Amino acid sequence: MATPAQWLAGARPRTLPAAVAPVLAGTAIAFYDDAAVWWKALLALVVSLALQVGVNYANDYSDGIRGTDDDRVGPMRLVGSGAAPAAAVKRAAFLSFGVAAAAGLVIAATTAWWLVAVGAVSVVAAWYYTGGSKPYGYLGLGEVMVFVFFGLVAVIGTAYVQTETWAWAPLWAAIGIGALACAILVVNNLRDIPTDSQVGKRTLAVVLGDRRTRGLYVVLVAAAALAVIALAAATSWWALLGLGFLVIARRGVTTVTGGAVGPGLIPVLGATGMAELAWAVLTAVGLALAA
């Protein structure tokens with residue numbers, strides 16, 4: 001039976017900065033517009049964290065029962081390692097989705113009921129990334145899901161539920177956060193190209209190949225930097241403080257372009273997650289100073 005530490009590892013806490021960053025970025029824009037609603041921001045954070053944990057457990061379950069994790073290079077998976085029964089991991093995933101749904105319902109009830117549909121689609125997308133008979137994560141579409149739901153939906157949604165208006169600033173922030181969230185998945189799949197190829201998991205990295213996947217990682221980091229500039233143009237040039245994320249991102253870029261493989265790429269996951277969080281924190285500081 002899995003220990004509490006193993007369950008925590010299964011939730012993959014190193015990916016949690018990717019759940020915090022979009023909420024922080026969206027709330028910073030609401031604060032800049034003098035429209036921040038802190039209790040809604042906290043509920044949005046609950047939704048984001050619960051979805052992130054839920055999708056991690058869902059991937060653990062679905063990949064585990066398919067045998068995808070039988071020969072794994074990265075961190076331990078609960079089902080693949082045999083540390084926890086598949087049914088228990090599946091329940092943990094749906095419990096996490098339930099927490100996200102409950103918090104999301106409160107937000108919808110106090111903002112707009114059409115947000116229920118957005119939440120429902122988000123949960124379905126989280127499950128079918130690796131779940132179901134034809135998971136889209138096995139068809140090279142995982143990065144699209146991450147960009148849409150952990151970038152566009154998370155950032156724009158967080159800003160909207162507080163300001164209840166549409167603007168360009170949340171879009172630019174969403175592109176920056178989404179690009180770095182994608183970069184985390186890209187380097188994860190880059191590491192797993194050999195094992196994924198063997199089991200027929202055609203991630204985008206498998207489709208592109210090693211060299212072009214490394215190039216894609218660099219492009220995504222560059223896109224996040226350009227998004228800071230676009231956000232500054234839409235708000236205040238103080239937002240350019242966000243470019244400080246490149247100090248952290250540089251380590252990941254150096255490792256990826258240096259040809260690291262297998263376990264050598266694992267530290268890049270954490271570094272990229274911290275770069276995403278730094279993007280959000282530093283732009284938030286800039287917008288707070290401007291406000």
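We did not get these values from a lab; they are worked out from the coordinates using the rules stated. Note that this is a predicted model, so its numbers are computed, not measured. Cβ placement follows ideal geometry from the backbone for every residue including glycine, while neighbour counts extend to all protein chains displayed.
Dividing the radius of gyration of the alpha carbons in the range 54-182 by their Kirkwood radius gives 1.02 for Rg/Rh.
In this calculation the C-beta distance from residue 113 to residue 136 is compared with R0 = 35 Å, giving a FRET efficiency of 0.80. Working from Cα pairs under 8 Å separated by at least six residues, relative contact order for the range 16-290 is 24 percent. Consider a paramagnetic label point 7 Å from the Cα of residue 167 along Cα→Cβ; state which residues of the range 259-291 have an amide N under 14 Å from it. Correct set: 284, 287-291. Build a GNM of the chain with springs between Cα atoms under 10 Å apart, and of 125, 112, 93 the one that fluctuates most is 112. For chymotrypsin sites (Phe, Trp or Tyr not before Pro), the sites in the range 166-267 that DSSP calls loop and that have at most 15 other Cβ atoms within 10 Å are 166.
Could you tell me the center-to-center distance, by alpha carbons, between the range 121-184 and the range 219-291 in angstrom? The range 121-184 and the range 219-291 have Cα centres separated by 18 Å. When you restrict to C-alpha pairs under 8 Å that are six or more residues apart and normalise by the size of the range 155-291, the relative contact order lands at 30 percent. Each residue of the range 22-33 is assigned a 3J(HN,Hα), and the resulting list reads x, 5, 5, 5, x, 5, 4, 5, 4, 5, 4, 7 Hz, derived from the Karplus form 6.51 cos²θ - 1.76 cosθ + 1.60 (θ = phi - 60°), x at Gly and Pro.
The relative contact order of the range 96-183, computed from alpha carbon pairs under 8 Å that lie at least 6 residues apart in sequence, is 24 percent. Taking θ as phi - 60° and the Karplus parameters 6.51, -1.76 and 1.60, the scalar couplings of the range 282-291 work out to 5, 5, 5, 4, x, 5, 5, 5, 5, 6 Hz in sequence order, x denoting glycine and proline. The Cα-based radius of gyration of the range 16-290, divided by its Kirkwood radius, gives an Rg/Rh of 0.97. Under 23 Å from the Cα of residue 134, which lysines turn up, not counting those fewer than eight places away in the same chain? Cross-link targets: 90, 201.
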